């Protein structure tokens with residue numbers, strides 16, 4: 001059993017890419033619940049669990065949140081979601097700084113990767129966004145002032161694009177070709193893998 005599970009997880013990891021163009025199909029709340037729960041179940045340093053999650057799926061709120069986000073720095077503006085291809089949901093990751101005021105980024109990373117992979121296992125694409133107008137977004141989601149801060153946002157929706165992974169060592173910038181196909185460089189494994197010593 002563990003052998004086939006590992007293969008399935010590995011395939012998910014290998015095929016996952018950030019998605020920035022989404023189909024107009026709404027996402028089921030049952031699926032969004034699973035995604036958020038995957039974030040909740042992620043490892044947490046000292047098991048302090050400082051993260052909370054705000055799922056946004058109402059059409060008017062989706063527009064407001066979209067206006068708070070910056071996309072695809074290397075290929076802006078053509079890499080931004082086109083009209084009609086915006087995300088169908090967001091998970092806003094919030095940190096309770098009364099629980100952990102420093103080092104929570106590791107918790108966020110673990111929670112995000114859990115959510116990204118669970119979403120992808122259901123055919124839902126995602127994009128992790130850290131370029132966020134946090135003050136404006138805090139007002140939209142009615143975040144209490146004080147102990148809570150927004151770390152980042154996970155955009156979700158069924159993919160309307162299929163980015164291609166390119167193994168490269170000379171340039172890490174993703175690009176679009178003449179047909180609008182997104183290419184995403186990843187450093188070659190032999191270049192970054194070391195056995196027993198550096």
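Yes or no, residue by residue, for (1) under 30 Å from residue 50 (Cβ atoms); (2) free of Cβ contacts under 8 Å to residues at least 12 places away in the same chain; (3) not assigned by TED's automatic domain parsing to the domain that holds residue 48:
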site: 116; (1), (2), (3): yes, no, no
site: 120; (1), (2), (3): yes, no, no
site: 124; (1), (2), (3): yes, no, no
site: 130; (1), (2), (3): yes, no, no
site: 138; (1), (2), (3): yes, no, no
site: 149; (1), (2), (3): yes, no, no
site: 169; (1), (2), (3): no, no, yes
site: 188; (1), (2), (3): no, no, yes
site: 198; (1), (2), (3): no, yes, yes
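Give me the residue from segment 14-34 that is modelled with pLDDT of 95 or more and over 27 Å from residue 77 (Cβ atoms) and, out of that set, surrounded by the most Cβ atoms within 10 Å (Cβ to Cβ).
The selected residue is 32.
Among the residues of segment 181-198, write down those that are surrounded by fewer than 10 Cβ atoms within 10 Å (Cβ to Cβ), part of a loop (DSSP other than H, G, I, E, B) and on the phi < 0 side of the Ramachandran plot.
Those that are surrounded by fewer than 10 Cβ atoms within 10 Å (Cβ to Cβ), part of a loop (DSSP other than H, G, I, E, B) and on the phi < 0 side of the Ramachandran plot: 193, 194, 195, 197, 198.
Being within 22 Å of residue 161 (Cα to Cα), out of contact with any strand residue (DSSP E or B) (no Cβ under 9 Å at 6 or more places or on another chain) and either in the same structural domain as residue 111 (by TED's automatic domain parsing) or touching a residue at least 40 places away in the same chain (Cβ under 8 Å) (or both) is the requirement here; does residue 12 meet it?
Considered against the rule, which asks whether it is within 22 Å of residue 161 (Cα to Cα), out of contact with any strand residue (DSSP E or B) (no Cβ under 9 Å at 6 or more places or on another chain) and either in the same structural domain as residue 111 (by TED's automatic domain parsing) or touching a residue at least 40 places away in the same chain (Cβ under 8 Å) (or both), residue 12 comes out as yes.
The values are calculated or read from the model by the stated rules, or taken from the named source; none is laboratory data. Bear in mind the structure is a predicted one, so any value in this text is a computation, not a measurement. Using ideal geometry, Cβ is built from the backbone for each residue, glycine included, and neighbour counts are taken over all protein chains shown.
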